[in-house]
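Below is one structure, written out as structure tokens, with a few remarks after it.
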Amino acid sequence: MHIRSNSLPSKPHPFVDQVDERLRSLNKASSEATSSELCHKLNGLQDLHHCIDKLLMLPLTQHDIIEESDKNSIDELLEGSIRLLDLCDIAKDALLQTKECVNELESVLRRRKGEMFIASELQKCLSSRKLIKKTIYKVLKANENKVCEKSEATPAIVSSLKRAEVVGHNVIEALLSFVAGPKFPSSSSRWSIVSKLVQPKRVACEGEETRRNEVALVDAALHSITSQKTKKFDFFVQVENLQSSLKTFGSNIEELEGDLEALYRRLIKTRVSLLNIFNH
């Protein structure tokens, strides 16, 4: 007796669809983002890797990775997970240093010991900001073109993992760019930005622009208060507006810290899942 079996194409597992859906959603994100948008992206990355972890638990997924992946692909996945964790560590340090800088700024501004004292102390904070910027720019420059692109010859799950690595790097780099802010502008540009700090009504009318220049406003205000040109604007009005900006900025930094830490823990779980598969 001969038994004929029909081999029908298997339907993708729902976890595969979830991974693809989240990858598409994160790929739509722009390189420039506000703090709230970055929090949304970090949460999106957590969801992506949660789906990946569930996918890696499936026997069929583990079979595909072990049987159909070459050694180079496996090594690239493991190295990629380390690179992403390292970049998260750098971002965590940058957020911590920025939060400390914000706390120091707020402490200085609360003392109200006179213009000379405030300007002198803020100059130290400005130097810290410059160092943070320089470090981040160096990291972003060194990180260019280090992410391995997916190969069409690899299994679908491996390609998805590589795409997830690329997306993860893009989001963390966007976070670092946000923390660094734009390079310090020229004097004329700086005064244009600072003028918004002393015109609350105008800022309210231009909420979108101000929202996107949150870090730039803080940096420009530091330049203004510590420069020799502070008489162009009322000194203590600038101080009050800087305090207001710092309150919002500090709160956003703490939220980003929490979301990044949660993502970091999730990335470690994904790496452990991969190691368990390869060491099985």
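The values are calculated or read from the model by the stated rules, or taken from the named source; none is laboratory data. Here the structure is a predicted model, which is why all the values come from computation and not from measurement. Because the Cβ atoms are built from the backbone with ideal geometry, glycine has one as well, and the counts that use them run over all protein chains shown.
Numbers for the structure displayed
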| quantity | calculated |
| --- | --- |
| Test: residue in region 250-268 that is within 18 Å of L126 (Cα to Cα), touching a Lys or Arg at 6+ places or on another chain (Cβ under 8 Å) and either modelled with pLDDT of 75 or more or assigned to a helix (DSSP H, G or I) (or both) | yes |
| Output for region 83-118, where each listed residue is closer than 12 Å to E257 by Cα and of a type in the set (K, R) | K92, K99 |
| Restricting region 17-74 to residues that are crowded, with 17+ Cβ neighbours inside 10 Å and in a loop (DSSP other than H, G, I, E, B), the residue that is modelled with the highest pLDDT | A33 |
| Matching residues in region 148-179 - criterion: being hydrophobic (A, V, I, L, M, F, W, C), surrounded by fewer than 20 Cβ atoms within 10 Å (Cβ to Cβ) and at pLDDT below 90 | C148, A153, A156 |
| Any pair with Cβ under 9 angstrom, 6 or more apart, that starts in region 239-255 at a residue that is farther than 10 Å from E214 by Cβ and ends at one that is basic (K, R) | V239/R112; N241/K196; Q243/R110; G250/K99; I253/K99; E254/K99 |
